[in-house]
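Undergrad: First, the structure itself, so that you have it in front of you.
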Amino acid sequence: MPELTIRNHSFSNYDSINLKHIHLALNVDFQKKTLKGKAVLNIENVSGCPYLILDTRQLEIDKVMLEDSSETAWSLGNQLSKEQSFLGRPLVISIGKNTSKVAVYYETQPDAAALMWLAPEQTLGGKHPFLFTQSQAILARTWVPCMDAPAVKFTYSADITCDPKYLPLMSAENNFKRNREGKYHFNMPQPVPSYLMALAVGNIEFRSLGDNCGVFAEPEMLDKAAREFSDLKRMIAGASELYGEYAWGRYDILVLPPSFPFGGMENPRLTFATPTIIAGDKSLVSLIAHELAHSWSGNLVTNHTWDDFWLNEGFTVYFEERIMEKLYGKAYSDMLSEISLEELRSTLEDLMKTAPGDTKLKLNLKDRDPDDGVSDIAYVKGCMFLRMLENAYGRKHWDAFLNGYFNHFRWKTVTTEQFIAYLEEHLVSKFPKIKVNYREWIYEIDLPGNCPQINSAELARVKKMAAEVNARKDVSLVDTAGFTTHHWMHLLRNLEPDSIKTGMKQMDSTYHLSASTNAEIQCDWYLLCIKNGYHEADPYIEKYLVSVGRRKFLIPLYEEFASTPEGLKKGRNIFFRAEDGYHAVSRNTIKKILRME
Ligand code: BES
Ligand code: ZN
């Protein structure tokens, strides 16, 4: 047995062996809630290593075959070692110098962390089951035995069989029509890391939104989704004008049932999105700009380790804001940006008390679940750092630099240190008179003093109004003329719960906030309701928490419940009714908040 080491959250020996391609042949069984079949890995044994080591978790390995031998390969590791919570366990396969193909026969478990199997009641149509995967950060190993580290890029293909009633889709070249045999072939010709492998299966239909883009959804959602995303073609064109040609062929969106734990996931060619962004007025489509932006930052140029996560998300938030500015104007993008900056400030306030080290852009997630590194730091501090650089060098030089960066690292991965070296060579040293504190931004805690300010006139107006309401304790001073979703969010976040305690009912009957169907406004309003003990909203809050599985909305509400003993009881009761509809990612987070572990 080789000595087993864990590097960047992976057991795999990717330094010794190149993984070139994975071919999956899987059958989707909705009854048993399993994927069963094989993964055939094409490898190049560049170092003559006697072992191939793969990451697995919650997988039942049946057998391993080598192409150059008809005998079952020795695969001791998987049987001997115990699973290490989020890391799973290594599958050690003895191979020869010339082994180029290894087939792993396996089956997933019904509670595999990456897989969410939805019962018909959990879908919009209510008649058919649904399956979707979520592989980021290190959950791919729960449905594909692989080298589960972002540093490893490979092409993939798949033969998927399923009940012919349903349509399977992958983060690959997709089929748009169901076929009678329920047999589908997929091909992903561009190299991707394991966290971008994705599969969804359900009663899904397609609507085109242009020659290179469209939307998939349950039929009941298709019209609404197509209307909401009608600017998609312009968005792709705008993004390409900014930072280079779109590299992935098609760009489609799949709208998932509400239990999807994230807002969006940038699966290449096929962004997965929560239905909570479909507000009916396009007010939450910046999330699509975000996932689209990942087609450059993240999917083309990928963070080498999860410690470098800010290179994925910080660049993407920056890019997202540039897309929004280009399409909808600076006043609007500043509004979005200032709201994010306020969120960052409140995250910083918390983290500086509890985990100041986690406020650095470059993280240290050794021995920790990479999921712990997902916070506004990578996203918004990362974006503000890039905005600071833009301000220092001017947009013209900055954009030229970014184009060069995307071009230089395309199809590769990048570490924070490689980024710094590239920055020094292509920007810092070219303009020696301009001084920028990039090391402080990347390696120090908290927010540097030269964080750019964002001055949205619209939000300033709202903030002033909130201050008056707070001072005079009079909600009739609220004037919502010209309000959009983000005006509402800013207002609700700036009202002091105490000051409007007696005005809650008046607010609710004037603006129908409890009955709102805008998930962002609902979340902010319900938070005030819990804080103020405004119980008329209780049934609405419960309905929301039972129907929405997006972690970002669940966290603040359950945290508020958990802050008092009665609230905690109530929160737990709601959780018991809701948890079946939550993805494991959300469920685990909420369990921690409700102290149920
Ligand atoms: N790639 C992320 C989602 C993610 C990050 C999943 C880390 C698992 C681990 C995606 O691009 C994302 O950032 N989604 C955000 C939306 C965005 C607009 C900030 C989300 O889900 O809220
Ligand atoms: Zn993202």
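Undergrad: Using label points projected 7 Å from each Cα along Cα→Cβ, tell me how many nm separate residue 25 and residue 579, to one decimal.
TA: Output for this residue pair reads 4.0 nm.
Undergrad: Near residue 165, which aspartates and glutamates are there with a Cα under 20 Å away, not counting those fewer than 8 places off in the same chain?
TA: In chain and number order, the partners are 29, 121, 181, 205, 218, 220.
Undergrad: If you don't mind, there's one more thing I want to ask. Among the aspartates and glutamates, select those whose C-alpha is under 16 Å from the C-alpha of residue 531, and discard any that sit fewer than 8 residues away in the same chain.
TA: Correct list for residue 531: 496, 498, 508, 542, 559, 560, 566.
Undergrad: Another question about this same structure. In whole angstrom, how far apart do the alpha carbon centroids of the range 477-498 and the range 321-373 sit?
TA: First find each Cα centre; the distance between them is then 22 Å.
Undergrad: Fewest Cβ neighbours within 10 Å first, please rank 57, 345, 587 accordingly.
TA: 345, 587, 57
Undergrad: Using only the Cα atoms of the range 169-219, what are the Rg and Dmax in Å?
TA: Here Rg and the maximum Cα pair distance are 12.0, 32 Å.
Undergrad: Let me ask something else about it. If I take every Cα pair under 8 Å that is 6 or more residues apart in the chain, average their sequence separation and divide by the length, what percent do I get for the relative contact order?
TA: 10 percent
Undergrad: Let me ask another. Please list log₁₀ I(q)/I(0) at q = 0.18, 0.19, 0.25 Å⁻¹ for the range 206-280, using the Debye equation with identical point scatterers on the alpha-carbon positions.
TA: -0.69, -0.77, -1.23
Undergrad: Check the straight Cα-Cα distances from residue 153 and name the lysines below 20 Å, setting aside those fewer than 8 residues away within the same chain.
TA: Hits, sequence-local ones excluded: 20, 38, 101, 412.
Undergrad: Give me the net charge for the shell around residue 273: Cβ to Cβ below 11 angstrom, other residues only, Lys and Arg +1, Asp and Glu -1.
TA: Once positives and negatives cancel, what remains is -3.
Undergrad: Taking 32 Å as the cut-off for C-alpha to C-alpha distance, list the pairs among 362/543; 353/464; 82/177 that go past it.
TA: From the list (362/543; 353/464; 82/177), the Cα-Cα distance tops 32 Å for 362/543; 82/177.
Undergrad: Another question about this same structure. What Kirkwood hydrodynamic radius, in Å, does the chain give when the mean of 1/r is taken over all pairs of distinct Cα atoms and then inverted?
TA: Here the Kirkwood hydrodynamic radius works out to 25.3 Å.
Undergrad: What full-extension length gain, to one decimal in nm, is calculated for residue 543 and residue 371 as 0.36 nm per residue of separation minus the Cα-Cα distance?
TA: On the way: separation 172, 0.36 × 172 = 61.92 nm, distance 2.73 nm.
Extending this stretch completely gives an extra 59.2 nm.
Undergrad: From Cα pairs below 8 angstrom and at least 6 apart in sequence, can you work out the relative contact order of the range 206-280, rounded to a whole percent? Provide the component values of the computation, followed by the final result.
TA: Working: 110 pairs, mean separation 21.7, N = 75.
Averaging sequence separation for qualifying contacts and normalising by length gives 29 percent for the range 206-280.
Undergrad: Still on this structure: Give me the distance in nm between label points sitting 7 Å out from Cα along the Cα-to-Cβ direction at residue 109 and residue 82, one decimal.
TA: Label-label distance for residue 109 and residue 82, simple model: 1.4 nm.
Undergrad: Over what distance in Å are the Cα centres of the range 186-258 and the range 164-182 separated?
TA: If you average the Cα positions of each part, the centres end up 15 Å apart.
Undergrad: Another question, if that's okay. Quickly estimate the mean residue ellipticity at 222 nm for the chain, helices only: each DSSP H run with n ≥ 4 gives -39500 (n - 2.57), and the total goes over all residues, rounded to 500. Don't skip to the answer; put the middle values down first.
TA: Details: 18 runs with 216 residues, N = 597.
Here the helix-only value at 222 nm equals -11000 deg cm²/dmol.
Undergrad: Could I ask something else about it? Between residue 177 and residue 431, what's the calculated FRET efficiency when r is the beta-carbon distance and R0 is 51 Å? Round to 0.05.
TA: Once the sixth-power term is evaluated, E becomes 0.40.
Undergrad: Extension gain residue 364-residue 63, at 0.36 nm per residue separation less the Cα-Cα distance, in nm?
TA: Extra length from residue 364 to residue 63 when fully extended: 104.7 nm.
Undergrad: Something else about it: Can you put 499, 10 in order of Cβ neighbours within 10 angstrom, beginning with the fewest?
TA: Fewest to most other Cβ atoms nearby, the residues stand as 499, 10.
Undergrad: Would you kindly work out the equivalent ellipsoid of the range 470-521 from its C-alpha gyration tensor and give its semi-axes, the square roots of five times the eigenvalues, largest first in whole Å?
TA: After scaling each eigenvalue by five and taking roots: 17, 12, 11 Å.
Undergrad: Also: Does the range 457-593 come out rounded, prolate or oblate by the C-alpha gyration tensor, with a ≥ b ≥ c the root eigenvalues, rounded set by a/c under 1.5 and, if not, prolate when a/b is larger than b/c and oblate if not?
TA: Working: a/c = 2.18, a/b = 1.79, b/c = 1.22.
Cα axes put the range 457-593 in the prolate bin.
Undergrad: Return the distance in nm (one decimal) between the two label points of a simple spin-label model at residue 3 and residue 515, each offset 7 Å from Cα along Cα→Cβ.
TA: 6.8 nm
Undergrad: With +1 on each Lys and Arg Cβ and -1 on each Asp and Glu Cβ, how big is the dipole of the range 17-194 about its Cα centre, in debye rounded to the nearest 20?
TA: It comes to approximately 300 debye.
Undergrad: On to the next question. In whole Å, what are the extents of the range 17-194 along the principal axes defined by its C-alpha atoms, from largest to smallest?
TA: For the range 17-194, the Cα spread along each principal axis is 53, 33, 31 Å.
Undergrad: Another question about this same structure. By the scheme Lys and Arg +1, Asp and Glu -1, what is the net charge of all other residues having a beta-carbon under 10 Å from that of residue 104?
TA: On the way: positive: 38, 63; negative: 62.
Neighbour charge sum, excluding residue 104 itself: +1.
Undergrad: Farthest toward the dipole's positive end in the chain, which of 459, 196, 418, given Cβ charges of +1 (Lys, Arg) and -1 (Asp, Glu) about the Cα centre?
TA: Checked the options; the winner is 196.
Undergrad: Report, in degrees rounded to the nearest 10, the 0 to 90 angle that the Cα long axis of helix 232-243 makes with the longest principal axis of the chain.
TA: Its long axis makes an angle of about 80 degrees.
No value in this document is a laboratory result; all are computed from the given coordinates. Computed from a predicted model, the values in this text were never measured in an experiment. Neighbour counts are summed over all protein chains in view; Cβ atoms, including those assigned to glycine, are modelled from backbone coordinates with ideal geometry.
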